[in-house]
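Below is one structure, written out as C-alpha cells, with a few remarks after it.
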Amino acid sequence: MIDEITYIAKIAGNIIREGFGKTLQIEYKTNESNLVTQIDKNSEKAIIEFIQKKYPGHSILAEENGEILSDGEYTWVIDPLDGTTNFAHKLPIFAVSIGLQKKGVTVAGVIYDVMQDVVYAAEKGAGAFCNGQKISVNSNANLQHSLLVTGFPYDIADNPHDALGIFVDLVKASRGMRRLGSAALDLCYVAKGVFDGFWEVHLHPWDICAGMLIVDEAGGKTTDFNGKEMDIFNPAILSSNGLIHNSMLEIIKKKYTD
C-alpha cells in the first residue's frame, strides 16, 4: 500500500512542481491569510481520481473537497498541498500529505517533500522511513538544548488558546525556534531527529494524519495539549522525541485554554 500511496503522492507532486513560480489563480477561504490555488485543486483532483478508480469502496476526507463517504472501512485523509502560502509566495517548502485510516486508526502515511524530492513514509508497526532509509527521533532529553518548530493558525490575530503566549514561553525555554509553514514537514523533521518538538493549534485532520504516524513509528510521542491521546480531529497537537514531551507540556498547560 505504501508504494501506491507514494506513487500518487509523486503524481500530485509533479503537478505542484510544474505550477511552482507561475502566475496563480488565488482564492481565499476563511480570511485573506487562508489561500487556495488552482494547483491545490488540481493536485487533489488527481489523488481523488486515483483512489476512486483503484479503491471505489473507500471514503475520502480531503482539504478542498471535504468528505466523500462510502460504506468501506478505509478512509483516505488528504492534504494536496500543505504549505499553500509558501507555494504562492514562491518559497519552496511544501508537501503532499496522504494518510490512510482503517476503522479510524491510521495504518499508513506518506508525506512528499515536493521540491526536495524526498518521501517520508510509515506503516503502522513497521517503522518510519525517509527515501527508504529508516529514521528515528533524536535522543535529546533537555528542553534547553532543543530546537523546536511551530506554526501559527490563520486566525493568529485573535490569539486562539493564547498561542502567542505559549510561543514566547517556549522560545525562552529552548535553544531555538523555527517556523517552516508546513505542519506535515514539521512532523517529518521531528521524526527524522532534526527538531526535538512541534506544537500548533487549529490544525485539521489532513494536516497531521500522515505525520502523526510517521513520528510515532520513528519512536516519538504525540498528544493533545492536555497530554491525552491524540486523534486527527483534535486541533491542538504536541509532537516530540518523547524525552522533552513533559517539559513542553508543563509550559503549554500554563497558558493553554481549551
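Miscellaneous remarks
- The set of residues in segment 46-87 that are under 23 Å from Y120 (Cβ atoms) and in a helix (DSSP H, G or I) comprises A46, I47, I48, F50, I51, K54, T84, T85, N86, F87.
- The single condition among (1) open to solvent by 70 Å² or more (accessible area, probe 1.4 Å); (2) among the hydroxyl-bearing types (S, T, Y); (3) within 17 Å of the chain's Cα centre (by Cα) that Y7 does not meet is (3).
- Of the numbered criteria (1) closer than 24 Å to C188 by Cα; (2) in contact with a His (Cβ under 8 Å, 6 or more places away or on another chain), the one T85 fails is (2).
- If the condition is being among the basic types (K, R), more than 15 Å from V96 (Cα to Cα) and either surrounded by 13 or more Cβ atoms within 10 Å (Cβ to Cβ) or at pLDDT 90 or above (or both), then segment 18-45 contributes only K29.
- Inside segment 234-251, residues that are modelled with pLDDT under 95 and of a type in the set (A, V, I, L, M, F, W, C) make up a count of 1.
- Listed by first and then second residue, the pairs linking a residue in segment 43-55 that is within 13 Å of I5 (Cα to Cα) to a residue that is of a type in the set (K, R) and at pLDDT 95 or above, with Cβ atoms under 8 Å apart and 6 or more places separating them unless they lie on different chains, form an empty list.
- Residue in segment 86-95 that is within 14 Å of E217 (Cβ to Cβ) and either among the acidic types (D, E) or in contact with a strand residue (DSSP E or B) (Cβ under 7 Å, 6 or more places away or on another chain) (or both) present: no
- Among the residues examined, G109 does not qualify as under 29 Å from A9 (Cα atoms), not in a strand (DSSP E or B) and not aliphatic (A, V, I, L, M).
- Remark: I48 falls outside the filter, which requires a residue to be of a type outside the set (F, W, Y), under 27 Å from F152 (Cβ atoms) and either open to solvent by 50 Å² or more (accessible area, probe 1.4 Å) or out of contact with any Cys (no Cβ under 9 Å at 6 or more places or on another chain) (or both).
The values are calculated or read from the model by the stated rules, or taken from the named source; none is laboratory data. Just so you know, these numbers come straight off a predicted model, no measurement behind them. Neighbour counts are summed over all protein chains in view; Cβ atoms, including those assigned to glycine, are modelled from backbone coordinates with ideal geometry. Side chains included, ligands, DNA and RNA excluded: accessible areas come from the protein's heavy atoms. Shrake-Rupley method; radii C 1.70, N 1.55, O 1.52, S 1.80 Å.
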